[in-house]
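A short worksheet on the structure shown next.
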Amino acid sequence: MRIRKLKNARERLESRSDIVIFEPQLHKGRWKELFNNDNPIYLEIGMGKGQFIIKHALQNPDINYIGLEREESVLVKAVEKAEEKPNNLFFIDGDANLIMDMFSENEIDKIFLNFSDPWPKSRHSKRRLTHDKNIENYKLILKKDSFIEFKTDNRHLFEFSLKMFIYSNLEITNLSLNLHEDSEEIVTTEYEDKFVEAGNIIYFVEVKNGKHENI
């Protein structure tokens, strides 16, 4: 989907330096110092306009949340939704390809991947957030026995992702081929609301990071 660029996006983000992190590498290994507590840290990669992570942060004050988004014109929308900053939420203006520069090993307790770009052409598969090269990075920054949650309306991407999770030795602990039929209490994203309204099926899987090493 084409993103409409906002000319003043950077300025609007800089005006909210209380919630937006522009140099996440400075906090690598020290995110709990930024939050000023020892609570678990949940990371949403490619958070879009922020509805999902903001609602989670408001509902769970004893969990710290970080939203990562590379498109500043989209990140602005999330920042504006979080008008009154929850104490347990920060946004990163950055690219998931640099995630190992942002977080140390065993620093994150859960990762959310919601409606990631499917990159439908096979030659672009390495750009998918669920490609095994990315999953290996997630395994490093995640604590042992922590989880990744993945949602999409794209069946091809879902099947590809399942294969990548299994290939990467992650244990499938929860799976739904029609999330909104199987569950009632669901925290949704903006895209998800539109997809459900259009009648699209939402696929969901939760996987467990039981081991860092390949077996």
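The values are calculated or read from the model by the stated rules, or taken from the named source; none is laboratory data. Note that the coordinates shown come from a computational prediction; the quantities given were computed from them, not determined experimentally. When we count neighbours, we look across all protein chains shown, and the Cβ atoms used for this are built from the backbone with ideal geometry, even at glycine.
In table form, for the structure just shown:
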{"read-out": "Any pair with Cβ under 7 angstrom, 6 or more apart, that starts in the range 23-46 at a residue that is farther than 18 Å from Leu142 by Cβ and ends at one that is exposed (fewer than 14 other Cβ atoms within 10 Å of the Cβ)", "value": "Gln25/Asp101"}
{"read-out": "Some residue of the range 134-143 being exposed (fewer than 14 other Cβ atoms within 10 Å of the Cβ) and of a type in the set (Lys, Arg)", "value": "no"}
{"read-out": "Criterion (within 20 Å of Ser15 (Cα to Cα) and more than 14 Å from the chain's Cα centre (by Cα)) met by exactly one of Ala82, Ala78", "value": "Ala82"}
{"read-out": "Failed item, numbered, when Ile99 is tested on (1) in contact (Cβ under 8 Å) with a residue 60 or more places away in the chain; (2) under 25 Å from Gly210 (Cβ atoms); (3) in contact with a helix residue (DSSP H, G or I) (Cβ under 7 Å, 6 or more places away or on another chain); (4) not hydroxyl-bearing (Ser, Thr, Tyr)", "value": "(1)"}
{"read-out": "Selection from the range 163-215 of residues that are of a type in the set (Val, Ile, Thr) and either part of a loop (DSSP other than H, G, I, E, B) or touching a residue at least 12 places away in the same chain (Cβ under 8 Å) (or both)", "value": "Ile172, Thr173, Ile186, Val187, Thr188, Thr189, Val196, Ile201, Ile202, Val205, Val207, Ile215"}
{"read-out": "Some residue of the range 108-118 being in contact (Cβ under 8 Å) with a residue 24 or more places away in the chain, charged (D, E, K, R) and under 25 Å from Arg10 (Cα atoms)", "value": "yes"}
{"read-out": "Among residues of the range 8-47, those that are among the basic types (Lys, Arg), assigned to a loop (DSSP other than H, G, I, E, B) and under 20 Å from the mean Cα position of the chain (by Cα), counted", "value": "2"}
{"read-out": "Tally of residues being under 22 Å from Lys49 (Cβ atoms) and of a type in the set (Lys, Arg) across the range 113-128", "value": "2"}
{"read-out": "Failed condition for Lys85, given (1) assigned to a loop (DSSP other than H, G, I, E, B); (2) at pLDDT 95 or above; (3) surrounded by 13 or more Cβ atoms within 10 Å (Cβ to Cβ)", "value": "(2)"}
{"read-out": "Asn106 vs. criteria in a loop (DSSP other than H, G, I, E, B), more than 17 Å from the chain's Cα centre (by Cα) and either surrounded by fewer than 14 Cβ atoms within 10 Å (Cβ to Cβ) or at pLDDT 95 or above (or both)", "value": "no"}
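A quick yes/no check of all residues on (1) touching a His at 6+ places or on another chain (Cβ under 6 Å); (2) basic (Lys, Arg); (3) surrounded by fewer than 24 Cβ atoms within 10 Å (Cβ to Cβ); (4) not in a strand (DSSP E or B):
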site	(1), (2), (3), (4)
Lys49	no, yes, yes, yes
Phe52	no, no, no, yes
Pro61	no, no, yes, yes
Gly67	no, no, no, no
